[in-house]
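Below: one structure, written as structure tokens.
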Amino acid sequence: MQRISIFIISQLFLMVLPLTSFAQETQEVQEENVNDTIIVKQKYGLRLGADIGKLTRSFIDDDYTGFEISGDYRLTQKLYLAGELGTEENTIRNDYLDVTAKGSYFKAGIDYNLYRNWLDMENLIYTGLRVGVSAFSQNLNSYTIYTTDQYYNPPFTSTDLQEFKGLSAVWAELVIGIKAEIVNNLFVGINAQLKGLVAEDQPTNFENLFIPGFNRTFDSGRFGFGFGYNVSYLIPIFKKNKKISVED
């Protein structure tokens, strides 16, 4: 019986020893994983800014006046609610027409950050979608009618002001841009917009040459392009923990 007991104990020892070694190895791996992970507090809040490109153009271009404020609110690590609110007045002059468009606009949508920040950085390389709405007017200040036979029928120029009020337009746009934090919570950025006109009110016997928020229309039909240069400030509201692996 004593030999049997010794045999059973030895067999149990041989069975338990590998399990103990495995448990120790598993614990070491878990400790390594914990030690290789950094907890970073990320800021969530409201970022407000202005388009300095429109402000600069307003000072150097006598035919243009514009102002735009922008904002975004962080929903997740990558996703932001975003929008812009602005006003523009632009006069287009050429050999045939002198037209002034003015009005306000609002754009709303989302931005998605494609950039993977390291530690507590908050920079963005993003793409986004917007739906834009504009309410505006077009003033035909003057126009000139040319004929093929200018000797007998010289060009006729009319300076009678024609006003087209209560116009509106709706469009969708794709946005690509960057925002870089230069000091704590202060960002500078640049973005490009590709726009597609969905619907618009056309003046009687005339066309919209410029839509506030959309840009010029007669050069590219129902498509428009735009650029923005902005400065913004992040107002932190709360923070969330993010685990970052050292190996990453």
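Using DSSP to call loops (not H, G, I, E or B), can you name the GluC sites (Glu not before Pro) in the stretch 175-210 whose Cβ has at most 16 other Cβ atoms within 10 angstrom?
GLU207
Please work out the FRET efficiency for the pair TYR112 and ARG216, using the Cβ-Cβ distance as r and a Förster radius of 22 Å; give the result to the nearest 0.05.
0.20
With Cβ to Cβ distances under 10 Å as the rule, what net charge do the other residues near LYS102 carry (K, R +1; D, E -1)?
Computed value for this residue: -2.
Leaving ligands, DNA and RNA out of it, work out the accessible area of VAL231 with a 1.4 Å probe and give it in Å² to the nearest 10.
Rounded to the nearest 10, the figure is 50 Å².
Return the FRET efficiency for the residue pair LEU46, SER142: r is the Cβ-Cβ distance, R0 is 35 Å, and the value is rounded to the nearest 0.05.
The computed FRET efficiency comes out at 0.15.
Express in Å², to the nearest 10, the accessible area of SER232 obtained by rolling a 1.4 Å probe over the protein heavy atoms while all chains stay in place.
So the heavy atoms of SER232 present about 10 Å² to solvent.
If I model a spin label as a point 7 Å beyond the Cα along the Cα-Cβ vector, how far apart are those points for ASP201 and PHE223 in nm?
2.8 nm
May I ask you to list the lysines whose Cα is less than 24 Å away from that of LYS240, ignoring any residue fewer than eight positions away on the same chain?
The reachable lysines, counting only those whose Cα sits under 24 Å from LYS240, are LYS41, LYS43, LYS78, LYS179.
With Cβ to Cβ distances under 14 Å as the rule, what net charge do the other residues near TYR112 carry (K, R +1; D, E -1)?
Local charge sum for TYR112: +3.
The values are calculated or read from the model by the stated rules, or taken from the named source; none is laboratory data. These numbers come from a predicted model, not from an experiment. Methodologically, a virtual Cβ is constructed for each residue, glycine included, from the backbone with ideal geometry; neighbour enumeration extends over all protein chains shown. Note: areas computed on protein heavy atoms with side chains; ligands, DNA, RNA excluded. Shrake-Rupley method; radii C 1.70, N 1.55, O 1.52, S 1.80 Å.
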